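Structure, as C-alpha cells:
The values are calculated or read from the model by the stated rules, or taken from the named source; none is laboratory data. Everything quoted here is computed from the prediction, not taken from an experiment. A quick note on method: Cβ atoms are made from the backbone with ideal geometry, for glycine too, and the neighbour counts reach across all protein chains shown. Just so you know, the surface numbers come from the protein's heavy atoms only, side chains and all, with ligands and any DNA or RNA stripped out. Shrake-Rupley method; radii C 1.70, N 1.55, O 1.52, S 1.80 Å.
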Amino acid sequence: MTDHSPDPRMLAKAETLTEALPYLQRYAGMTFVVKYGGHAMGDPELQRDFAEDVVLLKAVGINPVVVHGGGPQIGAMLKRLGVESRFVDGLRVTDAATAEVAEMVLAGKINKEIVSWIAAAGGRAVGISGKDAGLVRAEKVQRTEPDLNSGIERHVDLGFVGEPVAVDPTLLNSLARDGFIPVVAPVALGADGHTYNVNADTMAGAIAGALGAARFFLLTDVPGVMDKQGELLTDLKPSDIAALKQDGTIKGGMIPKVETCVAAVGSGVDAAVILDGRIPHGLLLEIFTRQGAGTLVRA
C-alpha cells in the first residue's frame, strides 16, 4: 500500500510559515534598520544569507535600511599602504590620509559589494553614504584620556572622527517608497565642510531614531547580552541594562552596543536587538519566530 502521508520536512516548512504569519501582518509597512558588519561580512555563505533575508523583508512589505561598517577592511587597506592605526576608546584616530582611505573603502568597495549581493538575491538596492542629500550631519568627536605620568585628563584629537548630530531621512523615505533598499556607508559631512568617519553602530542608531523604526538590529560577533552564567538574556529594559553594567555583567565592547540600543529606543525606535550575525538567517529567526535569536531592548 502506498504511503500518501506528507513529507515531515514539508510539514515543518508549512508550520514555519504559519508561525511567521502574525509577524508578517504586524510589521507590514514598517521600517527596520539593520547595522551589518563583523564576521558575517567576510563569509560568502553568510553574505548570501544576509542578502536573501533583506530581500525577503522587502518582498513581504517591510522597509529595510542597511547601515554597514568596515573597520577590519579599512585596517587591512591602511596596512597595505603602510599607514599605522591608533585607537582611543575603540575609535580609530583618523588624520586626513586615513579619512580618505576610510571613505574609499566604506563608500566605495564595501558599499557596492553589499549592493551587488542584494541584487544577486533579486533585490533592488541603492548604495549611498551619510553625505548624500544631507542624510547625516556630523560633528567632531571630543575625547579625553588620563596622562600616563600625571593622571590628569587631557584632550585627545581623534582627527576626522565624527558623531551624528542631525539626520534628514527624506532620501531614505523616497527610496523605500520607490521599492529600493538603501545601503548606507558611515561617512558624513560636518558643518565645517569636512568629511567625518562615523562609528557604524552610532550612525545606524541615529538613522533608526530619525525614521521611527519598528526595529533596530545590531548584527555582531556574539549571541547577544549574556548573564554571568553564560546564558543569553533575551529581553531587557534600559533599567536592567544600567544594573547589569553596574554589577559588571555587561562590560568591554558590549557597553557601547547596549548604549546605542538604549539611545535608539529613547529616540523613538520601538525595540532594538543585538543579534549574532554568524547565525544563518538569524535576522529572519529573530523577526518571524516566537523564540527569537538575540537580546531585545525596549522601553
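Things to note:
- Unique residue being within 19 Å of the chain's Cα centre (by Cα), among the hydroxyl-bearing types (S, T, Y) and either over 23 Å from A200 (Cα atoms) or surrounded by fewer than 17 Cβ atoms within 10 Å (Cβ to Cβ) (or both) when the list is T260, T295, T234, T249: T234
- Yes/no for G29 being under 30 Å from T170 (Cα atoms), modelled with pLDDT under 80 and among the small types (G, A, S): no
- Look at the stretch 110-136: where a residue is among the charged types (D, E, K, R) and a partner is open to solvent by less than 50 Å² (accessible area, probe 1.4 Å), sitting 6+ places away or on another chain with Cβ atoms under 7 Å, you get K112/G127; R124/G179; R124/I181; K131/V187; K131/A188; K131/T195; D132/L171.
- Selection from the stretch 263-292 of residues that are among the aliphatic types (A, V, I, L, M) and either touching a strand residue (DSSP E or B) at 6+ places or on another chain (Cβ under 8 Å) or crowded, with 24+ Cβ neighbours inside 10 Å (or both): A264, V265, V269, A271, A272, V273, I274, L275, L283, I287
- Qualifying residue in the stretch 236-253 (condition: touching a Ser or Thr at 6+ places or on another chain (Cβ under 7 Å) and more than 23 Å from G70 (Cβ to Cβ)): yes
- If you go through the stretch 234-257 and keep only what is closer than 24 Å to L46 by Cα and aliphatic (A, V, I, L, M), you end up with just M254.
- Within the set P44, P64, the sole residue that is out of contact with any Cys (no Cβ under 6 Å at 6 or more places or on another chain) and over 23 Å from A206 (Cα atoms) turns out to be P44.
- Of everything in the stretch 136-171 that is modelled with pLDDT of 90 or more and part of a loop (DSSP other than H, G, I, E, B), the residue that is least open to solvent (accessible area, probe 1.4 Å) is P169.
- Those residues of the stretch 72-115 which are more than 20 Å from Y196 (Cα to Cα), part of a helix (DSSP H, G or I) and open to solvent by 60 Å² or more (accessible area, probe 1.4 Å), in sequence order: K79, R80, E113
- Meets criteria (surrounded by fewer than 22 Cβ atoms within 10 Å (Cβ to Cβ) and either not in a loop (DSSP other than H, G, I, E, B) or not polar (S, T, N, Q) (or both)) for V222: yes
- Remark: pairs (first residue in the stretch 248-261, farther than 15 Å from D221 by Cβ; second residue loosely packed, with under 14 Cβ neighbours inside 10 Å; Cβ separation under 9 Å; 6+ apart in sequence or on different chains) = G248/K228; T249/D227; T249/K228; T249/A243.
- The test for being assigned to a helix (DSSP H, G or I) and out of contact with any Gly (no Cβ under 6 Å at 6 or more places or on another chain) holds for E259.
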